[in-house]
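Everything below concerns the one structure shown next.
The values are calculated or read from the model by the stated rules, or taken from the named source; none is laboratory data. All values reported here derive from a predicted model rather than from experimental measurement. Glycine gets a Cβ as well: all are built from the backbone with ideal geometry, and neighbour counts include every protein chain shown. Protein only, heavy atoms only, side chains kept; ligands, DNA and RNA dropped before computing areas. Shrake-Rupley method; radii C 1.70, N 1.55, O 1.52, S 1.80 Å.
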Number of protein chains: 2
Amino acid sequence: MYIKNKDEATEDLIKKTAKKLFFGEGKFNATTQEIADAAGVNRTLINYYFRSRDKLFEIVFADAQEKEQQRTESIVFSELPFKAKIEEFIDDSFVMAKEYPYMEIYLVTQFNQGCYFKDEEGMERMLKKFYEEVLVEMEKGTIDKMAPIQFIINMVSLISFPISMRPLFQRTMRLTDEEYEKIVDDRKDIIMNTLFRNQNKINQ
Amino acid sequence: MYIKNKDEATEDLIKKTAKKLFFGEGKFNATTQEIADAAGVNRTLINYYFRSRDKLFEIVFADAQEKEQQRTESIVFSELPFKAKIEEFIDDSFVMAKEYPYMEIYLVTQFNQGCYFKDEEGMERMLKKFYEEVLVEMEKGTIDKMAPIQFIINMVSLISFPISMRPLFQRTMRLTDEEYEKIVDDRKDIIMNTLFRNQNKINQ
DNA sequence: ATTTTGTTTAACAAAAATGTTAAACACTAT
DNA sequence: ATAGTGTTTAACATTTTTGTTAAACAAAAT
């Protein structure tokens, strides 16, 4: 039998390259030729391994969704206390964002074009669990009382927006790469302080 | 001479339709045929009025940028007190978002593909002015002390993210249109409370 | 060695999208 | 009425992108 390494190598290389272009560089409309060039392979290999451009896109999209969800799940269902979970989530998001800054925005554009969702069950379980924890914290007074969904929206907004909108922000505010990275680095404490009413303020 | 109405009517109709498709429905890859169909005109009229697809895109993009900036400028340079400006900005953003929910995300994807910026001077003046006001508020203790840019990022994130990410959010959280609109309606107070350390809490 | 199996390539075909032209059309001013 | 002007249309041409096929190729098994 043929060595399994080689074919999986190219197949994987193509997938990796597509991800890099989509999520890493924001080139959502990359043609098969562009992907092939970036990967240094013949264009028709995309058809050989993935049948069609659409199939490749589907796979990459599904992968991205799954990864996002697993990432979140492993934090939500961990044994960490609430506040630590949020910190973990922030750290994790920023790490992810370094490699794939355009991931979330890509997911959104895909959803706009009428994409289905993957593991709906898992998502629901996770949300329920997190909801409950949020409610407990509100009872304790650690966070302001509001609809739990609003707390989640606040949290995700504060974390994800500056990542997704980096090109717009950085240009608008005329910031260098270094300046922007500094800002992102500083954000963890700021987000924590904003979400947790500044009790036990971390940075002062 | 020919009636000026008619030609401006179609030209404008095409622009309006393109905007509706891009910003209103998130169809960033609409073909000239799709735009023409949606506008109910012959496809080649796009070439007649705009020369090429790219030119049309450029114009729509420039328009969007300009509108956003003017909108923001008129608030920043108004005579309102700081807090009222923010409220105004929130209201304004939500109105805009009703018609063009995908506007900001479109701007970002365009920037990703290497787009230039329009009125850089104006933007700079505006930012400077707002920075100063933010600093004053921090001195007064109305808002937490942090780099002014971080306050701005917080503000814009809390406002724009739930709009831009609506399809993702709504799907993920399994919400109906009515439920989501309710959430957006509730957000104004939540955002104000989050930004202003909950003094004089609006909603309790 | 040669058959088998899977991979890669280039040439070709097909499809999709854009752009151009010239003729038809509508309206108005003369 | 018709000459003039700008608009709209359909037919055509071009370009871009995708998909297919058959042959070349490489490695391993017989």
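Structure values in brief
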| item | result |
| --- | --- |
| Verdict on residue A:152 being within 15 Å of residue B:165 (Cβ to Cβ) and either within 7 Å of chain B (Cβ to nearest Cβ) or part of a helix (DSSP H, G or I) (or both) | yes |
| Considering residues of the range A:136-145 that are open to solvent by 10 Å² or more (accessible area, probe 1.4 Å) and in contact with a helix residue (DSSP H, G or I) (Cβ under 6 Å, 6 or more places away or on another chain) only, the residue farthest from residue A:192 (Cα to Cα) | A:145 |
| Leading residue by the ranking (surrounded by the most Cβ atoms within 10 Å (Cβ to Cβ)) among those in the range A:103-121 that are more than 7 Å from chain B (Cβ to nearest Cβ) and in contact (Cβ under 8 Å) with a residue 24 or more places away in the chain | A:104 |
| Residue list for the range B:165-181, restricted to those being more than 7 Å from every other protein chain (Cβ to nearest Cβ), part of a helix (DSSP H, G or I) and either among the aliphatic types (A, V, I, L, M) or open to solvent by less than 10 Å² (accessible area, probe 1.4 Å) (or both) | B:180 |
| Among the residues listed as A:44, A:17, the single one being out of contact with any Gly (no Cβ under 6 Å at 6 or more places or on another chain) and loosely packed, with under 13 Cβ neighbours inside 10 Å | A:44 |
| Filter result for the condition that a residue is under 23 Å from residue A:164 (Cβ atoms) and not basic (Lys, Arg), over B:127, B:80, B:135 | B:127 |
| Filtered residues of the range A:182-191 (kept if more than 10 Å from chain B (Cβ to nearest Cβ) and surrounded by 13 or more Cβ atoms within 10 Å (Cβ to Cβ)) | A:188 |
| Residues of the range B:62-73 that turn out to be under 17 Å from residue B:23 (Cα atoms) and either in contact with a Lys or Arg (Cβ under 9 Å, 6 or more places away or on another chain) or modelled with pLDDT of 95 or more (or both), as a count | 6 |
| Checking residue B:76 against (1) closer than 23 Å to residue B:121 by Cα; (2) open to solvent by 20 Å² or more (accessible area, probe 1.4 Å); (3) at pLDDT 95 or above, the condition it does not meet | (2) |
| Qualifying helices (runs of 4 or more DSSP H) (wholly inside the range A:1-102; at least 1 residues being outside the structural domain of residue A:183 (by TED's automatic domain parsing) and within 16 Å of DNA strand D (Cβ to nearest atom)) | A:4-19, A:32-39, A:44-50, A:53-76 |
| Among the residues listed as B:105, B:183, B:153, the single one being among the hydrophobic types (A, V, I, L, M, F, W, C), touching a Pro at 6+ places or on another chain (Cβ under 9 Å) and under 28 Å from residue A:119 (Cα atoms) | B:183 |
| Residue in the range B:41-93 that is farthest from DNA strand C (Cβ to nearest atom), counting only those that are touching a residue at least 12 places away in the same chain (Cβ under 8 Å) and of a type in the set (Gly, Ala, Ser) | B:93 |
| Yes/no for residue A:139 being without any contact (Cβ under 8 Å) to a residue 24 or more places away in the chain and in a helix (DSSP H, G or I) | yes |
